[in-house]
Amino acid sequence: MSQSIRSAERPITEGHHLLPKLPYPLNALEPHISRNTLEIHFGRHHAGYVKKLNELLRSSAFVHASLEQIVRLAPPGPLFNNAAQAWNHEFYWNCLGAHMGDRPVGTLAKAIQRAFGSFDSFCAEFTQRATALFGSGWMWLVKNPDGTLALEETANADTPIRNGRLPLLVCDVWEHAYYLDYRNERARYLDAYWKVVNWEAVASRYGGDAPGRN
Ligand code: FE
């Protein structure tokens, strides 16, 4: 792999990826997701994936690639796992925010209604599938290449951008996302999650045509 996969999307410092800045203070999601959880989840888990990614890149042909290019192109294994977890976590933080409206409006709201019958049906199915997802993984709302919306579970580090689908919203259902606040009660975490979803960010992705960040 060489210059052909050099990033056009964000600056790369020769195989050194930075932990992105959290888009809000560590306590911004309280009382729904605690500062303590964010300190560990962002400061240890997310930071750990970025650190490991940089270590693995030192001996990798992907040294010049962007994070998204690594996620799309790296073979299954540690490099993919750490890059995808770095990408997924950055996306997750950008799905959340403080004092958010409780539901989408405009074209996204209409698309959700078309796909799921109603916003409440969408939330119920997302919650049910996120709660039932076995083991560690991610629950996504995605936009298919034909413009339709769909729900999708991925296991471990896997991510829909690998398969050409545009992520609009994600919930991290690894235990580290909720264990400090809700112990083993993933359903309670899902209840809290809906209170901090940044629907404006989701709507802006729905209106766009490129996978990735806000
Ligand atoms: Fe996580």
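Scanning the stretch 89-99 for residues that are of a type outside the set (G, A, S) and not in a helix (DSSP H, G or I), which turns out surrounded by the most Cβ atoms within 10 Å (Cβ to Cβ)? Lay out the reasoning, then the answer.
Kept after step one, since they are of a type outside the set (G, A, S), are these residues of the stretch 89-99: 89-96, 99.
Remaining after also requiring not in a helix (DSSP H, G or I): 94-96, 99.
Working: N94: 19, C95: 23, L96: 25, H99: 8.
Filtering the stretch 89-99 for residues that are of a type outside the set (G, A, S) and not in a helix (DSSP H, G or I), the one surrounded by the most Cβ atoms within 10 Å (Cβ to Cβ) comes out as L96.
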Examine the stretch 106-128 for a residue that is assigned to a loop (DSSP other than H, G, I, E, B) and within 23 Å of A187 (Cα to Cα), and state whether such a residue exists. yes
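Which ones in the stretch 169-198 are in a helix (DSSP H, G or I) and open to solvent by 10 Å² or more (accessible area, probe 1.4 Å)? Quick ask: steps written out before the conclusion?
So the first thing to find is which residues in the stretch 169-198 are in a helix (DSSP H, G or I), and the list is 175-177, 179-182, 186-194.
Matches in the stretch 169-198: E175, H176, Y179, L180, D181, Y182, R186, A187, R188, D191, W194.
The values are calculated or read from the model by the stated rules, or taken from the named source; none is laboratory data. Owing to the predicted nature of the structure, the values given are computational and were not obtained by experimental measurement. In this analysis, Cβ positions are derived from the backbone assuming ideal geometry, glycine residues included, and neighbour counts consider all displayed protein chains. Side chains included, ligands, DNA and RNA excluded: accessible areas come from the protein's heavy atoms. Shrake-Rupley method; radii C 1.70, N 1.55, O 1.52, S 1.80 Å.
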